[in-house]
Structure formats: structure tokens, C-alpha cells
Amino acid sequence: MAEVLGKLTGEEAPILRQVALLAGYVAHRQDPGTALIRALSSIDDGLRARALQSVGELGRRDLLPLARQALSSKDEACRFFAARTCALLGERAALPILCSLAEKGSPHAVESGSLVVRMMERGDARKWLMGFTEQPEHHRLALAGCAALGDPFFIPWLLRMMRVPERTRRVAGESFRFITGADLSERPLEGSALEGAGDEAESDAEVLEMDADSELPWPAPEVVAAWWAERKEDFHSEVRYLLGHPMTPESLREGLRLGRQRERRSAALELAMRYPGQPLFDVGAPGFRQRQWLAALP
């Protein structure tokens, strides 16, 4: 496999092929060798962005200086993937770049925000997220940030967001599940769409967001609130949670085994950031390969 990929990622290969083959190396968790080094210095922004992404996903701490240099890139995708890689590899210089991308509403805003709250101290992350909760244009970022942070402090706001006739009601329900583990796809916690919640999208980005949310259940706000009232004493304000369990290495590994795909992706990201230099667990890999990787996790 490595020999075939090597032939296809030579410096004379078309850019799109080099991008695709770098992704192939990462999917198999194999070292792209000189192909990755060449791509990191490419004049093509798309190839360079894919290379910067690969550095973080492979856990290549030896290439961290190159990712750090790319934090000042003029290309936004390169800046984002440089910052994402720095975050995965434990480099805090990425924090102001990720904050800026989130606050300016870039195409990478939501993922940037989810990385920011994982890098900040909990108190700082709370304050930062609270700045978005009263701004409707940033609600999706705030909801994703709540899920990433896993802080019960935001449960009252999530419950309020489940009562508004907006498409983001379902995202609020998903964030609630991320923190508490409640299964909103089961009765009586599952509800139905409120009037006005199915409005047409205003932009291509909103169409993609609606598609991504289409499989999420609509929460039943009053029932979910009652569920929380019965259980909130089991959650502590200074603890981060995923699926109702404190975020320990053991519970994160369990989330990788038993969670749904978005939850597994969150657990994988959290583990990678806690162990800089460890490859990012690929939740989209074939099952047999994921079982092998799970057995080798620290």
C-alpha cells in the first residue's frame, strides 16, 4: 500500500491526486514521508491545508514548527488547519487564531469554537461561550461549544433553546445529550417540530447545516426539563461530562466504543488533545481497524 501511495504522491502528480493520496495515508495511519514535507511547502493552498491537517491527525509533533509558522498564513483554510493541528499537538499559540476564526463567523467557526473551549480553562471557556448565547447568529457555535465543553452550567440555557421555534432546537437537544447522556430519540423525551421550525434555509451554508441536523430528534422541552430536574443533583458544576459521565480517559474510551458517530468524534478529539502526539482516532475507519486502535489506546 505504501509503495502504491508513494508513486501517486510524487511532486509531478496532479494537485488533486496529491490531496487525495495524503488523505489515504492518514486514513491508514501511515507516514507519507517526503510527500508530506513537500506538500507543507506547496504554493497550492488546498494541498498545503490538507498537509497541515494531516500533521495533526497523524500526531506528528516533529512537524509542529511548520504548523506554527502557518498560523500566519493569508489563506483561511491553511490558518484553520494549522491552528487545529497546533491544538491537537498541545501548542497554545493556536488559541487566538481559533478565537478569531470563531468570532468572525468563518466557515470553520463552529469547529474552531469547539477547539477553543477545550483549550481554555473552564471559567474562561464559560465566559467566552456566554458571549455568544445572546447572539442568534452565533447560537450554533455556542451550542456546539456547550457540547464540547460538557459543562452542566449551560443546561438552563439549553433547555430554553429547546423551546424556541428554530431549527437549532434539535442542536440544543443534541448538546443536552452530549452532557447528560439522555436519549432524546426515545419517548417521552422525543417531541415534534414546532410551528416555524421548518423555515427554508437562507444560504447554502444553512442548507448544509439542515442536512447535518436532519437525523437529530426534536426534543420535548417540558419532559426534558422534568428529566433534568430529577437528575441535576447528580451533576457537579466543576466537572466536564460526556454522555453523563465525567470526562476521564476511561469514559472517553467508552464513548468511542458505544457512542453515536458525532459523540465518538468528540471523544476522539478530546483524547487526542489530552495526549499530544497520539494520532487522532478515525471514527470513520473500517470496524476491524477501529477495534485494533481501541485496543492500543493509552
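Just so you know, all these numbers are worked out from the coordinates, no wet-lab data involved. Because the structure is a prediction, the values reported are computed rather than measured. Every residue, glycine among them, receives a Cβ derived from its backbone with ideal geometry; neighbour counts consider all protein chains shown.
A few comments on the model shown:
- The dipole here belongs to region 67-168: it is taken about the Cα centre, uses +1 on the Cβ of Lys and Arg and -1 on the Cβ of Asp and Glu, and is about 100 debye.
- Rounded to the nearest 20 debye, dipole of the chain from Cβ charges on Lys, Arg, Asp, Glu: 1060
- Cα lying deepest toward the dipole's positive end in the chain, options 40, 106, 239, charges on Cβ: 40
- Length-normalised contact order for region 1-92 - Cα pairs under 8 Å, 6+ apart - percent: 23
- Descending by average beta-carbon neighbour count within 10 Å, the peptides 126-137, 62-73, 285-296 line up as 62-73, 126-137, 285-296, the highest first.
- In Hz, Karplus ³J(HN,Hα) per residue of region 265-276 (6.51, -1.76, 1.60; θ = phi - 60°; x = Gly, Pro): 4, 5, 5, 5, 5, 4, 5, 4, 6, 7, 10, x
- Remark: region 45-122 carries a charge dipole of roughly 120 debye about the Cα centre, counting +1 on each Lys and Arg Cβ and -1 on each Asp and Glu Cβ.
- Vicinal HN-Hα couplings computed from phi for region 50-60 (Karplus, 6.51 cos²θ - 1.76 cosθ + 1.60; Hz; Gly/Pro x): 5, 5, 5, 4, 5, 4, x, 5, 8, x, 7
- When each of the peptides 28-37, 46-55 is scored by how many other beta carbons lie within 10 Å of its residues on average, the order from highest to lowest is 46-55, 28-37.
- The stretch between residue 230 and residue 34 holds 64.8 nm of extra length on full extension. This uses 0.36 nm per residue minus the Cα-Cα distance.
- Quotient of C-alpha Rg and 2.2 N^0.38 Å, computed over the chain: 1.04
- Under 5 Å between amide hydrogens, built in the peptide plane, is the criterion, and for residue 242 it picks out 247 among residues at least 5 positions away or on other chains.
- Label point at residue 274 placed 7 Å out along Cα→Cβ; residues across region 210-250 whose backbone nitrogen lies under 17 Å: 236, 238-250
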